[in-house]
Amino acid sequence: MKSSAEEDESEQEELKLPPNFTLAKDELPAIEKDEEFEEKIKNLDISQVINWSNLLPTILSKQGRCTQYWTDEEKEKPDFEEMKKTVERIPKPLSSISEENWTVRTCGMLVDNEVVALSSRIWQGAHCVGYKRYAKDMVFANIYIGYGIKTGGEVFTPQFILPVQDEYHQIVLTQQTDPSIEDMKRFIPQKKEANDQENEDQADE
């Protein structure tokens, strides 16, 4: 495959970008099939990382998108000088992954039937498996299983669930027996005795 978008060489020289880098665009470049590459695939060693390339652009670290997002104000009054400073530099489409962190594993001794698995060391859980089909074309599949967190980043650790509380222990209540009338009389002073004692106290005075 090849990119149909023409690279602006003057932009590369003005911004002093590395050879394999470009500015993030607001639209993905069109990809078309390269007919001339079909003849080269017969002798292509797919176990070498240099023979693998990125089909889609990388994820922008500031916006979390593959394309640059512009607000309505930025579209109406674009400040190109400011854009050149703020827009991220990303690898060009179909650039080689030889300078990226990938681990290559092969299965099979024959070149025509060799199966290759690539695993990203930055995005754990990102894998690509490919093999040659009848030594004519390349078949591959991509899969990602993870939480969208780069290696070395802060890992989200959920809080442990609190211990389950014990069930309510029902307390057996023991009711007190109501006192009888005889018991109540023993604690209630007699009115006559109380009045006699009060009269004696007054007489003494």
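With the condition kept exactly as written, say whether any residue in the stretch 91-99 is without any contact (Cβ under 8 Å) to a residue 60 or more places away in the chain, surrounded by 11 or more Cβ atoms within 10 Å (Cβ to Cβ), of a type in the set (A, V, I, L, M) and not in a helix (DSSP H, G or I).
From the stretch 91-99, those without any contact (Cβ under 8 Å) to a residue 60 or more places away in the chain are 97-98; that's our starting set.
Right, trim to surrounded by 11 or more Cβ atoms within 10 Å (Cβ to Cβ) and you get 97-98.
Subset that is of a type in the set (A, V, I, L, M): 97.
Adding the requirement that they be not in a helix (DSSP H, G or I) leaves 97.
Looking through the stretch 91-99, at least one residue is without any contact (Cβ under 8 Å) to a residue 60 or more places away in the chain, surrounded by 11 or more Cβ atoms within 10 Å (Cβ to Cβ), of a type in the set (A, V, I, L, M) and not in a helix (DSSP H, G or I).
Each residue in the stretch 67-90 was checked for being of a type in the set (S, T, N, Q) and either in contact (Cβ under 8 Å) with a residue 40 or more places away in the chain or touching a strand residue (DSSP E or B) at 6+ places or on another chain (Cβ under 9 Å) (or both), and 2 of them qualify. Scanning the stretch 113-127 for residues that are over 9 Å from LYS150 (Cα atoms), assigned to a loop (DSSP other than H, G, I, E, B) and either of a type in the set (Val, Ile, Thr) or without any contact (Cβ under 8 Å) to a residue 24 or more places away in the chain (or both) gives ASN113, GLY125. Only one entry of ALA135, ALA141 meets the criterion of being within 30 Å of ASP34 (Cα to Cα), of a type outside the set (D, E, K, R) and modelled with pLDDT of 70 or more, and that entry is ALA141. The one condition from (1) in contact (Cβ under 8 Å) with a residue 40 or more places away in the chain; (2) exposed (fewer than 12 other Cβ atoms within 10 Å of the Cβ) that SER47 does not meet is (2).
The values are calculated or read from the model by the stated rules, or taken from the named source; none is laboratory data. Quick caveat: nothing in here was measured; it's all calculated off a predicted structure. No Cβ is skipped: glycine too gets one built from the backbone with ideal geometry, and neighbour counts run over all protein chains shown.
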